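Report on one structure; see the data block that follows.
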Amino acid sequence: MTSRGVTLAVAGLVLAAIFGWVLLAQITRLFGPPPAPAAATATTPSPMVAPTPRARVRMPLSVVAADDAHLVTVPQDMVQESSPLDQARGALDALLTLTPRTPLSSAISPGTTLLGLYATDTGDVYVDLGGDVARAHPGGTLRELLTVYSIVHTVLDAMPSATSVQILIDGREVETLAGHVDLRHPLRRAEHLTRPPAPSSETTP
Amino acid sequence: MQRRLSGFFLVLALVGSASWLRLRADEAPSQPQAPPTADARIIVIDPGHGGDDAGTASPAGLPEKDITLAIARRLRTALDSRPDLVTVLTRDDDRRVSLRDRTALANTRKAAALVSLHVNASAADTLHGAEFTVLAPDDAGGVALESPGTPLPVAGGATRVIEFAPWDRVALRHRTDSLRLARAMASAFEAEGQLSPRGVQSAPLAVLTGATMPAVVADLGYATHADDMARLGSAEGQEAIARQLRDALLQFLVETPAP
């Protein structure tokens, strides 16, 4: 190689290095992490927006009364939802895991899960429950009535616009929960099964 | 050898027959039965639950399905002594029968009454006594059950007025008679101090839906109450319960003219 060729090769390499450095700097600026703040601004507290606390409501949940033959409501503090259907879903979720303070008791079988909640324009609400609500039920006409209407009343209390509730199990319409109460149709409120709330009807945390 | 084998099977047959007779005698004491008359009225007795549906159970584990079947058989025996009655059971063994089929059997047999036998349960052990429930669909208020009917053509060119009623409300036509039957039963149990304070109730119970005759669900006591279970689980108690039900049914039928 002549001395001229060597000179040209060195110049080409230098130009390529400069071009590569410029290119790398631009890429880093465009896609890299943001530059560190200046020392003066780093010591200034950043403006934090305090989260707005969501409004809370007290929803009545229906549980078995002290006489073991009626339902009473206990107030449950919960987040206020944006729609009545979501409010009913929250109330049902709370009902399924509620442990009322003695002598009140829950009418819901342990392990019962809420699979879905749907409403129609005509005021019917469909509550889809997991199969444990039936499998773990202790049986008996009265006990089944209390279970069914505990759910019906809790939904209707949370959704004043609704008029009736039908219980589905694992997504299907069923004849009964435990061999007695007809679940083939939506059910309305059964006031004769209710008692006024007890003065100290608090729930355990 | 052959003689020995014959003897063995003879003894086996005798022991088996004696056991069967003893079992039958324990479940349903024999009574003189008269053949039913041509215009005999049919009573359908429904032993609640059955098969893989055991219903509730006593603390000792006695299932509701066995109690209801035993009492239903005793009630049949008590009623079959009457030539003017025929008693039909919706199940006579340990099998599952859908509630729809139980009601359908009573309808197709054109029964004068349907009595579904059950045993109640409670979380506490304090509730006790018998309760009797008639149908009360919770949306029944104001439903026009007395529709005038629609004239429809029938064979021969004539017309016949056919009344259409929703399936789930047809039983409400018999609500007054159902209440009368329930109250007769409640009185029979009250006289023995065996009536629950809840007495006669109304509820949307599936076996009553669609019944085209007076129909009652009889919860004969609480499996969770010791005194109730002493009666429900013993032959003497079951016999007494069957007698009380029979007396109430007979009183109801006397006051109900045959169609």
Could you say whether any residue in segment A:178-188 is part of a loop (DSSP other than H, G, I, E, B), within 11 Å of another protein chain (Cβ to nearest Cβ) and of a type in the set (Lys, Arg)?
yes
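The rows are residues; the columns are (1) surrounded by 24 or more Cβ atoms within 10 Å (Cβ to Cβ); (2) of a type in the set (Asp, Glu).
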residue: A:VAL125; (1), (2): yes, no
residue: A:GLY130; (1), (2): no, no
residue: A:GLU144; (1), (2): yes, yes
residue: A:VAL148; (1), (2): yes, no
residue: A:ALA162; (1), (2): no, no
Give B:ALA211, B:ALA248, B:ALA218 a once-over and let me know the one that is in a loop (DSSP other than H, G, I, E, B) and crowded, with 22+ Cβ neighbours inside 10 Å.
B:ALA211
Restricting to segment B:108-139, count the residues that are surrounded by fewer than 16 Cβ atoms within 10 Å (Cβ to Cβ) and more than 10 Å from every other protein chain (Cβ to nearest Cβ).
3
Here is a check on your reading of the model: is A:ASP77 farther than 25 Å from A:TYR126 by Cβ, assigned to a strand (DSSP E or B) and in contact with a strand residue (DSSP E or B) (Cβ under 8 Å, 6 or more places away or on another chain)?
yes
Quick check: anything in segment A:133-156 without any contact (Cβ under 8 Å) to a residue 60 or more places away in the chain, more than 23 Å from B:LEU62 (Cβ to Cβ) and charged (D, E, K, R)?
no
Could you go through segment B:36-45 and let me know if any residue there is within 14 Å of another protein chain (Cβ to nearest Cβ), closer than 29 Å to B:PRO259 by Cα and not in a loop (DSSP other than H, G, I, E, B).
no
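Out of the residues in segment B:46-73 that are among the β-branched types (Val, Ile, Thr) and either assigned to a loop (DSSP other than H, G, I, E, B) or within 14 Å of another protein chain (Cβ to nearest Cβ) (or both), which is farthest from B:ALA240 (Cα to Cα)?
Residue satisfying both the conditions and the ranking: B:THR56.
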Of the listed residues (A:PRO103, A:PRO84, A:PRO45, A:PRO75), the one being modelled with pLDDT under 90 and surrounded by fewer than 18 Cβ atoms within 10 Å (Cβ to Cβ) is A:PRO45
So B:ALA240 fits all but one of (1) of a type in the set (Gly, Ala, Ser); (2) closer than 23 Å to B:SER81 by Cα; (3) buried (at least 19 other Cβ atoms within 10 Å of the Cβ); what number is the exception?
(3)
In segment A:128-164, which residue that is over 20 Å from the mean Cα position of the chain (by Cα) and of a type in the set (Val, Ile, Thr) is farthest from the other protein chains (Cβ to nearest Cβ)?
A:THR147
Among the residues in segment A:169-177, are any farther than 30 Å from B:ARG102 by Cα, surrounded by fewer than 16 Cβ atoms within 10 Å (Cβ to Cβ) and either more than 10 Å from chain B (Cβ to nearest Cβ) or acidic (Asp, Glu) (or both)?
no
Taking the stated definitions as given, is B:VAL154 exposed (fewer than 15 other Cβ atoms within 10 Å of the Cβ), modelled with pLDDT under 95 and touching a Lys or Arg at 6+ places or on another chain (Cβ under 6 Å)?
yes
Only one of these conditions is not met by B:ARG175: (1) in a helix (DSSP H, G or I); (2) without any contact (Cβ under 8 Å) to a residue 24 or more places away in the chain. Which number is it?
(2)
With the condition kept exactly as written, say whether any residue in segment B:59-69 is at negative phi and at pLDDT below 95.
yes
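The values are calculated or read from the model by the stated rules, or taken from the named source; none is laboratory data. Note that this is a predicted model, so its numbers are computed, not measured. Neighbour counts run over all protein chains shown; Cβ positions are idealised from the backbone, glycine included.
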